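Heads up, the thing below is written out as structure tokens.
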Amino acid sequence: MTIEHIIFGAGCFWGVEAVFRRVPGVTDAICGYAGGHAANPDYRAVCSGTTGHAEVVRVTYDSMIVSLEKLLEAFWNCHDPTTLNRQGPDIGSQYRSAIYFFTAAQESAAQRSRAQAQQSGRWPDPIATEILPASQFYPAEDYHQHYFEKHGLQHD
């Protein structure tokens, strides 16, 4: 078993968490906050837009079972990466599209994947996804974890 982590921001973290929990080889997906400047942010502070954090999901995966490329494919398929600071009705920098990497190999794969996604022609607008080194990750409050499962909801 080779355990690795990567962090994805793709709008409201509830749906993103649900997407990654269904990927074989993903051992955990935790809703949280990353990419900001305030220490120990909570949901209210992040939603205010004053902390600089994005709603994200830290994905833990076994790279012997699932490739990073497969995870990146799931990331591109679960949101619109061309809308700056917005996903659907959710507006604000906390909903930005982002990939936070832990290794140089992850950075290269993310950069390659973004270029391929842009060249695919799937989206007519430029991709706005930021690709940055992972910084401090703060798990979201317990009531955000496994949100859809707890509320009997499905996410497509």
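Please treat every number below as a calculation from the coordinates, not as lab data. From a predicted model like this one, the values you see are computed outputs, not experimental measurements. Because the Cβ atoms are built from the backbone with ideal geometry, glycine has one as well, and the counts that use them run over all protein chains shown.
What ranking of Asp42, Asp142 emerges when the number of other C-beta atoms within 10 Å of each C-beta is taken as an exposure proxy, fewest first?
Details: Asp42 13, Asp142 9.
Listed from fewest to most nearby Cβ atoms, that is Asp142, Asp42.
Can you sort Ile131, Ile3, Ile65 from fewest to most other Cβ atoms within 10 Å of each residue's own Cβ?
Ile3, Ile65, Ile131
Starting from the Cα of Lys70, step 7 Å along the direction of its Cβ; do the same at Ala104; then give the gap between the two resulting points in nm.
Label-label distance for Lys70 and Ala104, simple model: 2.7 nm.
Using amide H atoms built in the peptide plane, which far-off residues or other-chain residues are under 5 Å from Glu130 H to H?
Those qualifying (amide H under 5 Å, at least 5 residues apart or on another chain) are Ser97, Ala98, Ile99.
Do the sum for the chain: with -39,500 (n - 2.57) for every DSSP H run of n ≥ 4, divided by all residues, what is the mean residue ellipticity at 222 nm, to the nearest 500 deg cm²/dmol?
-8000 deg cm²/dmol
Return the whole-Å distance between the Cα centroid of the stretch 71-101 and the Cα centroid of the stretch 1-49.
Computed from Cα coordinates, the inter-centre distance equals 12 Å.
Please list, in order along the stretch 84-96, the HN-Hα scalar couplings obtained from phi with the Karplus expression 6.51 cos²θ - 1.76 cosθ + 1.60 (θ = phi - 60°), rounded to whole Hz, x for Gly and Pro.
Result, ordered by residue: 6, 6, 6, 9, x, x, 8, 10, x, 4, 5, 9, 5 Hz.
Using modelled amide H (1.01 Å from N, peptide plane; none on Pro or chain starts), what sits under 5 Å from the amide H of Thr27, excluding residues fewer than 5 places away?
Thr60, Tyr61, Asp62
For the stretch 1-105, run through the chymotrypsin sites (Phe, Trp or Tyr not before Pro) and keep only the ones in DSSP coil with at most 16 other Cβ atoms within 10 Å of their Cβ.
Phe102
For the stretch 44-140, run through the trypsin sites (Lys or Arg not before Pro) and keep only the ones in DSSP coil with at most 15 other Cβ atoms within 10 Å of their Cβ.
Filter output for the stretch 44-140: Arg122.
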